[in-house]
1. Test GLY175 against the criterion of being in contact (Cβ under 8 Å) with a residue 60 or more places away in the chain and more than 22 Å from the chain's Cα centre (by Cα), and give yes or no.
2. Exactly one of (1) surrounded by fewer than 17 Cβ atoms within 10 Å (Cβ to Cβ); (2) closer than 21 Å to GLY178 by Cα is unmet by SER108. Its number?
3. Can you pull out the residues in the range 245-267 that are polar (S, T, N, Q) and in a strand (DSSP E or B)?
4. Do we have any residue at all in the range 45-53 that's over 19 Å from ALA3 (Cβ atoms), free of Cβ contacts under 8 Å to residues at least 24 places away in the same chain, assigned to a strand (DSSP E or B) and over 22 Å from the mean Cα position of the chain (by Cα)?
5. Given the condition free of Cβ contacts under 8 Å to residues at least 40 places away in the same chain, under 24 Å from ALA46 (Cα atoms), of a type outside the set (S, T, N, Q) and assigned to a loop (DSSP other than H, G, I, E, B), answer yes or no: does some residue in the range 147-169 qualify?
6. Name the single residue that is surrounded by the most Cβ atoms within 10 Å (Cβ to Cβ) among those in the range 70-105 being in a loop (DSSP other than H, G, I, E, B) and aliphatic (A, V, I, L, M).
7. Could you go through the range 59-69 and let me know if any residue there is part of a strand (DSSP E or B), surrounded by fewer than 13 Cβ atoms within 10 Å (Cβ to Cβ) and free of Cβ contacts under 8 Å to residues at least 40 places away in the same chain.
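Coordinate-derived values only; no laboratory data. Since this is a predicted model, take the numbers as computed values, not measurements. Ideal geometry is used to build each Cβ from the backbone, glycine not excepted, and the neighbour counts take in all protein chains shown.
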Amino acid sequence: MGAQLRADDVQTSLWHASQRKRLEACFAEGANPCNRTDNHIKNVAAYAEAKIMKGDWLRIYPGLRVDGFSWNVSDLDPETANDPMTTTGGSATAAIVSPKLSVEIADSEVISLFANAGAGFHSNDARAAVASHGEGALARAIGGEVGARMKPHARARVSADVWYLHLASEQVWSGDAGGTEASDPTRRFGLDLEGSVDATDWLSLDANVTWAHATAVANAGNGGALALAPRWMGSGGVSLHDKRGFISVRTRGIGDRPGNDDGSLTAEGYLIFDVIAGKKLGKSIDLNLTVNNVFDSAWREAQFAEQSRVTPTAGLMEQMHYTPGLPLTATVTAAYTYWTAMRAGGGAGGVREGSGGGGRGRGPRGPTGRCRRARALRRWPRSLQCRREARTSPDRWWRRRAGRES
């Protein structure tokens, strides 16, 4: 069982700019900025999970989560703040219940079967939430998967699953409003394949690939086509490691996909290579290096089909607008872990390691290097802190594994 409390304060604004300089006017609509809001979002949640075991071969994990949200938006634009018809300010609340059930059958260490089903949600822009008075602000998601995990060799692991996801509402970016808008319901299904092998005591390899098919539930005359929905995704890596450090070369990519609903525009895919390395110095210092986009490839990150003009006098044309992806970038981090060894009862009872004020804290290795190493090597960590990090990690493999293990 557990509880969660989260609060976010975000200020958003939309400006009319030319050559990266803000102009005095918001097109012909008045003074810049076109809109500006102060958004306060609060989330309170409680969850419970049970573990039911039948012998050594069957495990059942039922769970339930309850979330409550409140949105409070202050309109900072003096031209609209006091007009009930045009203001973007307001407040709203909403709550949602998300049940979950996981079943795992493992008759041997060689193969195990699993099935997961449950409900979740995604939240919308705070401005959209208050505009609808909370109606539809928490879009329901219902999904499930069935698959198998195999261990054909002591050093090799393979898994495969098929999955389905239904969203009550998709989010669509609105460039004119500088935010997102709720769209139609969608459904997706696909296939995931993952594998890893420890070729030697110091060499590990892993890879995963996903194929997905996404459509709008309502056919708008285009076969239910859904813009920007990925079809092919994947990642992989090679890691060299020992007890004191590691270095991993990783790649990630996504295939071309339709940029708009009729498929006349294409959102370009990419294939990017990264290098991650870590080194342990003594008992207390962890050094880590991350080099993103090693080959400095030009790639597109966020992409949207929007109407725009090439010149002020040209006609409107729908074309792909995008945010350039991260160029060659290196990040170095250093962590120092303070630890003490304490003997209880005048030396009896052994040694207890802790952090700072004692107790069972970070220990001599520290969570930073340990968690990053486990993620780079695609190994599920023993540390509870690393497992908590996995649930919110940007790494898709870790998030999926966290969902299965929990």
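1. Working: in contact (Cβ under 8 Å) with a residue 60 or more places away in the chain: yes; more than 22 Å from the chain's Cα centre (by Cα): yes.
In short, yes.
2. (2)
3. SER248, THR251, THR266
4. Yes - at least one qualifying residue is present in the range 45-53.
5. yes
6. First, pick out the residues of the range 70-105 that are in a loop (DSSP other than H, G, I, E, B): 76-89.
Filter once more, so that each one left must be aliphatic (A, V, I, L, M): 76, 81, 85.
Values: LEU76: 17, ALA81: 15, MET85: 5.
Looking at the filtered set, the residue picked out is LEU76.
7. Residues of the range 59-69 that are part of a strand (DSSP E or B), as a first pass: 59-69.
Checking which are surrounded by fewer than 13 Cβ atoms within 10 Å (Cβ to Cβ) leaves us with none.
There is no residue in the range 59-69 that is part of a strand (DSSP E or B), surrounded by fewer than 13 Cβ atoms within 10 Å (Cβ to Cβ) and free of Cβ contacts under 8 Å to residues at least 40 places away in the same chain.
Residues checked against (1) more than 20 Å from THR266 (Cα to Cα); (2) in contact with a Lys or Arg (Cβ under 9 Å, 6 or more places away or on another chain); (3) surrounded by fewer than 17 Cβ atoms within 10 Å (Cβ to Cβ):
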{"residue": "ALA160", "(1), (2), (3)": "yes, yes, yes"}
{"residue": "HIS166", "(1), (2), (3)": "yes, yes, yes"}
{"residue": "GLU194", "(1), (2), (3)": "yes, yes, no"}
{"residue": "TRP211", "(1), (2), (3)": "no, yes, yes"}
{"residue": "THR215", "(1), (2), (3)": "no, yes, yes"}
{"residue": "LEU226", "(1), (2), (3)": "no, yes, no"}
{"residue": "LYS243", "(1), (2), (3)": "yes, yes, yes"}
